[in-house]
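To start, the structure under review is shown below, and the notes come after it.
Each value in this text was obtained by applying a stated rule to the coordinates, not by laboratory testing. For clarity, every value in this text was computed on a predicted model and none was experimentally measured. Because the Cβ atoms are built from the backbone with ideal geometry, glycine has one as well, and the counts that use them run over all protein chains shown.
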Amino acid sequence: MTVSLDHLRQIAVQMLEGSPHARALGIEGVSLDPSEALTKIRFQPELVGDPDTGVIAGGVVTALLDHTMGQAAMASMTVYSSIATLDLRIDYMRPAEPGHDIFCRAHCYKMTRTVAFVRAQAYDRDINDPVATAQAAFMLAANAGRPFGANLSAPRSGDGKGGDAA
């Protein structure tokens with residue numbers, strides 16, 4: 001079954017609404033296209049990490065990047081699969097400007113049978129002057145599109161153990 005873009009957009013909304021963390025931070029979906037996602041977090045005083053400077057906490061930016069990259073991975077799928085962040089690297093370039101919303105654009109640039117590779121930029125005013133950039137790998141469900149137990153090998157004749165020894 002191929003997943004339509006409309007269905008993926010519904011899944012993206014469900015990911016935002018179904019995640020207490022994303023809901024608490026106020027992550028909003030802006031757009032979703034094949035292999036691409038754009039989200040934002042509106043500036044809120046509760047998200048400030050340093051009251052003296054008014055800068056949004058780095059953990060908020062991390063959550064925005066991770067969530068948006070997950071949506072880009074989902075938008076790359078031809079068959080729906082659950083995903084989990086396998087690896088995430090973030091380079092913080094500068095603090096977000098106090099009082100400004102933070103946007104995140106993510107692009108899934110490679111999809112294998114088991115892993116999606118995604119890059120993203122978080123920015124406030126200009127995507128060419130990012131607050132942070134990130135690269136991640138997302139694990140796709142190991143049994144996606146296959147019947148339960150399809151990854152198990154047949155028992156070997158004569159050894160009585162079945163399957164491959166670990």
Neighbours by Cβ (under 7 Å, 6+ apart or cross-chain): first from the range 24-45, at negative phi; second surrounded by fewer than 16 Cβ atoms within 10 Å (Cβ to Cβ) and among the aromatic types (Phe, Trp, Tyr): none
Residue that is nearest to residue 117 (Cα to Cα) [pool: residues in the range 32-64 that are of a type in the set (S, T, N, Q) and under 14 Å from the mean Cα position of the chain (by Cα)]: 35
Residue count, the range 84-126 (criterion: among the aliphatic types (A, V, I, L, M), closer than 19 Å to residue 25 by Cβ, surrounded by fewer than 20 Cβ atoms within 10 Å (Cβ to Cβ) and in contact with a Ser or Thr (Cβ under 7 Å, 6 or more places away or on another chain)): 1
Candidate set from the range 33-83 (those that are over 19 Å from residue 133 (Cα atoms) and aliphatic (A, V, I, L, M)); member that is surrounded by the fewest Cβ atoms within 10 Å (Cβ to Cβ): 79
Of the criteria (1) touching a strand residue (DSSP E or B) at 6+ places or on another chain (Cβ under 9 Å); (2) over 19 Å from residue 96 (Cα atoms), which one residue 17 fails: (1)
